[in-house]
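Asker: Okay, here's the structure, questions in a sec.
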Amino acid sequence: MYRVAVCDDEKTAREELCALCGEILDRAGVEHEVAPFSSAQELSAALGAGRERFDLLCLDICMDGKTGMELAHELRSRDDPVSILFVSGSDSYLREGYSVRPIQYLSKPVRREELERALNEDLKLNHSPRLVTLRQGHRTSVLPIADILYVESRDHGICLHLTGEDRAFPISLTEAERLLPQEQFCRCHNSFLVNMRAITEIGRSHVTLCGDRSIPIGRHYYEQAQSRFIRYLNENR
């Protein structure tokens, strides 16, 4: 669960940013929760009391009472690694803002494409899973996601084609798709799920992978797979 706090003392701006974050994360297929806060004091109290834990704080810098910048300095002074995204109607705080290592600094009104890039960057750098856990009878296997080239449906289960050996597990391809990060793995065929990091080319009938491997691409999956691959490349330049 990716949890986002939106802190802004302007009601309209706060509601719009909450809605925009929700829409972007929905589209990305990320399980999430977005919580609004009307002041830095309110958010600080929730964090200090341990009632709330967030992965990302979207902080308006200029607010009545405690500012977003002051809250950010407090968090960093106690070595809190939470991701911080600054939102402001002024760029006069730009130099000071970067001293607390924000992931980005966005100007109001916030543009959807800029916010989407910031969220995707934070998810990729700080919150993307690096391991997947799979069970096989009484044995549990923990595998690096980066080693998985593609997943194939086979014999009432799946075969993970890895950079080294292949591994079979008694789960469905649909279950494997749920366990693996949706921003990195794409369904390209009824029987195949591919790691977009391993793709070198998408053709009409085949997907070519590093090491000159290739797997089929279903006719009904071609446009969706191509679109997702282009988006993956744009977000991971």
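Asker: Take the range 211-232 and flag every residue that is in contact with a strand residue (DSSP E or B) (Cβ under 6 Å, 6 or more places away or on another chain) and part of a helix (DSSP H, G or I).
Answerer: In the first step, residues of the range 211-232 are kept if they are in contact with a strand residue (DSSP E or B) (Cβ under 6 Å, 6 or more places away or on another chain); the result is 214-218, 221, 225-226, 228-229.
Residues satisfying the conditions are A225, Q226, R228, F229.
Asker: Moving on to the next point. Taking the range 157-179 only, how many residues are in a helix (DSSP H, G or I) and not hydroxyl-bearing (S, T, Y)?
Answerer: 6
Asker: Give L162, L149, L179 a once-over and let me know the one that is within 29 Å of Y2 (Cβ to Cβ), surrounded by 14 or more Cβ atoms within 10 Å (Cβ to Cβ) and modelled with pLDDT of 95 or more.
Answerer: Checking each option against the conditions leaves just L149.
Asker: If D79 satisfies every condition in (1) surrounded by fewer than 18 Cβ atoms within 10 Å (Cβ to Cβ); (2) of a type outside the set (S, T, N, Q); (3) assigned to a helix (DSSP H, G or I) but one, which is the exception?
Answerer: (3)
Asker: If you don't mind, another one. Do we find a residue being basic (K, R), more than 24 Å from E121 (Cα to Cα), touching a residue at least 12 places away in the same chain (Cβ under 8 Å) and assigned to a helix (DSSP H, G or I) anywhere in the range 13-34?
Answerer: Looking only at the range 13-34, we keep the residues that are basic (K, R), and these are 14, 27.
In the following step, the residues that additionally are more than 24 Å from E121 (Cα to Cα) were identified as none.
No, there is no match, as no residue in the range 13-34 is basic (K, R), more than 24 Å from E121 (Cα to Cα), touching a residue at least 12 places away in the same chain (Cβ under 8 Å) and assigned to a helix (DSSP H, G or I).
Asker: Sticking with this structure for a sec: Looking at Q41, Q136, which one is polar (S, T, N, Q) and either surrounded by 15 or more Cβ atoms within 10 Å (Cβ to Cβ) or in contact (Cβ under 8 Å) with a residue 40 or more places away in the chain (or both)?
Answerer: Going through Q41, Q136 in turn, the sole match is Q41.
Asker: Which pairs turn up if I take residues in the range 183-203 that are within 28 Å of L119 (Cβ to Cβ) and look for partners that are of a type in the set (S, T, N, Q) and surrounded by fewer than 19 Cβ atoms within 10 Å (Cβ to Cβ) with beta carbon separation below 7 Å, at least 6 apart in sequence or on another chain?
Answerer: Note: pairs meeting the criteria are T200/T208; I202/Q226.
Asker: Condition first: under 28 Å from D26 (Cβ atoms) and either in contact with a strand residue (DSSP E or B) (Cβ under 9 Å, 6 or more places away or on another chain) or in contact (Cβ under 8 Å) with a residue 60 or more places away in the chain (or both). Can you find one or more residues in the range 160-167 that meet it?
Answerer: no
Asker: Here's a check for you: in the range 182-198, which residue that is outside any strand (DSSP E or B) and charged (D, E, K, R) is modelled with the lowest pLDDT?
Answerer: Out of the qualifying residues, it is E183.
The values are calculated or read from the model by the stated rules, or taken from the named source; none is laboratory data. Model, not experiment: these values are computed from the prediction. All Cβ positions, glycine included, derive from the backbone under ideal geometry; neighbour counts span all protein chains shown.
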